[in-house]
DNA sequence: ATGGACAATGTTTTT
DNA sequence: CATTGTCCAT
């Protein structure tokens, strides 16, 4: 099998690692995706493992799909039965299959973040708590955090009065979810972990099945995910995890990069493999990346090296404000494309916060240039899209109260707050959910409940109930698309949206886009469609076939690469974000985020600093990002509007670009002298041509008989000096 | 019940 | 500023 061709020695040992736990520490661009796919192919093709017995977990659906097709390419056939997906999707599958052991049934709906916020608000209202003092967002964050740490409401630790409140809301929140037969994102992990923990039959079933478990982006797992992996691997112990603590950027979501260390502690016998060589970026880009990340404490310094050569210097550019920043970026892209130095699709523009995309989009629009924007929220967060999905969810599960209240009066059909409240109250009285009562009314059994409603209300409710009855009947019979069309037509959704304005037409266009997505579900049912919709990640919305620049947040950029990268908004308060100023841990994460952004670039990196930033309508002067001070001046090529800067000229602070790092000042002595002979683990024997000290490392040029000239970083290359 | 006018309030990142 | 929520008149 030629699976192992074109792999370096570390990659090979990772791919072919034997039984037992394996930890792969992979720097950016070190080919970890390749290692994962090749290992899967190796296990199936060379070791003879049945794909059915392999579980591979990725961070996004897109990554999973890519991996699947690459495994197929390697094997020549589809790996039938392979479990491959995100943590969330995999858990959803397990929960549906094992629902009998759980406090909800198998056609549960996954609540998205808006729904979750709605449930929190409902819970707060039910408990008569003041929304002013307890922000739903904050409360939800606490609940989510508890779930990520596998804490049920009864386990919620109480230290302050607020904890007391959160615990009560959490309890009510869970009740409301169960009543609607819903789960939130965190529940998917929480309940699967609990199921595996508590129910030994289920645990053994899956642990026996999964002879091999592979996990990508291990540094971004939370405690629930860690527990999951541990349970699933409890029998065979063949757990293969890949991660890079320097790229951990999801602590705010409960992720804990210390899981990497925990893994080593829990499995002292684990093989640890380092992937150090970078195949993506130029050395200049890597040097900048290292200069930035080296400032983080408590990490094992990695030396990123490449054989691609040093490449262009990094471009640093100042603009007057964020508006000019946007036009600068777009103009630069336009001229580079015009000069045929790059294709439009080679470019990515990255920013810290979503709000920053607006000016960029406007600049593209203004120049009439196309772009694509990564972000599921952008599409699925739109009112009209949410409405239609809520209709479908309601048809799928009438007990879903959140969806019901969303659509019961959109478009308006005379059922306002009063009627809704009456419906709820009466439903509660007869121990039905509002949706079930609505179905009753729709069947024409209104007389049985006539005492509860006014004649008018009853009529409106019954009309809507009858519609719902019809849709209910269709769910199991027709594909999602047919149901959607029926709903849109029956409620007159088009007329409701399309009010003749540009915006109205755009909104209807979004509905049509959703329709296009639903059209793909011919083999799979409504439940599958709704699940996929709930679990799309931002990256999943990225189409890579289109040759236009990509706009995305730094978070969404993880795992991707682009020939030319712009990182914009490099001022203190944006990157690093203000919210991290008083928290050293958060500040370190901001730094890692910047590092992730830098290491996405293959050939060219532009860092853009707007000297003024508009916030809340005002333009304010800003300080440039503190991270820039850590980049040595010789790696950077400064261009731009220095004249705007009074400090330019002799008083310009060149020292700001000189790394004050004592490490950089440390004098190194070359270990290798021209003419001496060395041994390399992969390329065999070679002769040193030259050697010099650069950036705290020794760069050695070696001529190998086998492969020719190579430039190596001495700290990484594991060269042996032959005597 | 509905829609318009006004006030308040706010922004990290996302499965 | 721009969105979201609240209040009030119809």
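The values are calculated or read from the model by the stated rules, or taken from the named source; none is laboratory data. Since we're looking at a predicted model, the values are computed, not measured. Because the Cβ atoms are built from the backbone with ideal geometry, glycine has one as well, and the counts that use them run over all protein chains shown.
For the range A:529-554, taking the residues that are within 8 Å of DNA strand B (Cβ to nearest atom) and over 21 Å from residue A:393 (Cβ atoms), the one that is surrounded by the most Cβ atoms within 10 Å (Cβ to Cβ) is identified as A:552. For the range A:311-326, a residue qualifies if it is surrounded by fewer than 17 Cβ atoms within 10 Å (Cβ to Cβ) and at pLDDT 90 or above, and exactly one does: A:312.
Grab the helices (runs of 4 or more DSSP H) fully contained in the range A:367-475, keeping just those with 1 or more residues being touching a strand residue (DSSP E or B) at 6+ places or on another chain (Cβ under 9 Å). Can you show your working first?
Values: elements: A:376-380, A:383-396, A:401-407, A:417-429, A:434-442, A:455-475.
It comes to A:383-396, A:401-407.
In summary, strands (runs of 3 or more DSSP E) completely within the range A:179-247 and bearing 1 or more residues that are at pLDDT 95 or above occur at A:212-215, A:239-243.
The rows are residues; the columns are (1) touching a residue at least 24 places away in the same chain (Cβ under 8 Å); (2) within 16 Å of DNA strand B (Cβ to nearest atom); (3) more than 28 Å from the chain's Cα centre (by Cα).
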position: A:125; (1), (2), (3): no, no, yes
position: A:147; (1), (2), (3): yes, yes, no
position: A:151; (1), (2), (3): no, no, no
position: A:158; (1), (2), (3): no, no, yes
position: A:163; (1), (2), (3): no, no, yes
position: A:172; (1), (2), (3): yes, no, yes
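Results for (1) more than 14 Å from DNA strand C (Cβ to nearest atom); (2) within 30 Å of residue A:573 (Cβ to Cβ), shown as yes or no for each residue.
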residue: A:381; (1), (2): no, yes
residue: A:384; (1), (2): no, no
residue: A:388; (1), (2): yes, no
residue: A:405; (1), (2): no, no
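Considering the range A:360-391 alone, what residues qualify as being without any contact (Cβ under 8 Å) to a residue 60 or more places away in the chain and either crowded, with 20+ Cβ neighbours inside 10 Å or within 13 Å of DNA strand B (Cβ to nearest atom) (or both)? Selection gives A:363, A:390.
Restricting to the range A:597-631, give me the number of residues that are within 16 Å of DNA strand C (Cβ to nearest atom), surrounded by fewer than 17 Cβ atoms within 10 Å (Cβ to Cβ) and touching a residue at least 12 places away in the same chain (Cβ under 8 Å). Number satisfying all stated conditions: 2. Only residues that are in contact (Cβ under 8 Å) with a residue 40 or more places away in the chain, in contact with a helix residue (DSSP H, G or I) (Cβ under 7 Å, 6 or more places away or on another chain), farther than 30 Å from residue A:340 by Cβ and surrounded by fewer than 20 Cβ atoms within 10 Å (Cβ to Cβ): list them for the range A:556-582, please. A:572, A:577, listed by residue number.
Pick from A:335, A:281: which is over 27 Å from residue A:588 (Cα atoms) and away from DNA strand C (no atom under 16 Å from the Cβ)? Outline the logic, then answer.
Values: A:281 fails: over 27 Å from residue A:588 (Cα atoms).
Just a single option satisfies the conditions, and that option is A:335.
Listed by first and then second residue, the pairs with beta-carbon distance under 8 Å, at least 6 apart or on different chains, first residue in the range A:186-202 and without any contact (Cβ under 8 Å) to a residue 40 or more places away in the chain and under 18 Å from residue A:146 (Cα atoms), second within 16 Å of DNA strand B (Cβ to nearest atom) and assigned to a helix (DSSP H, G or I), are A:197/A:227.
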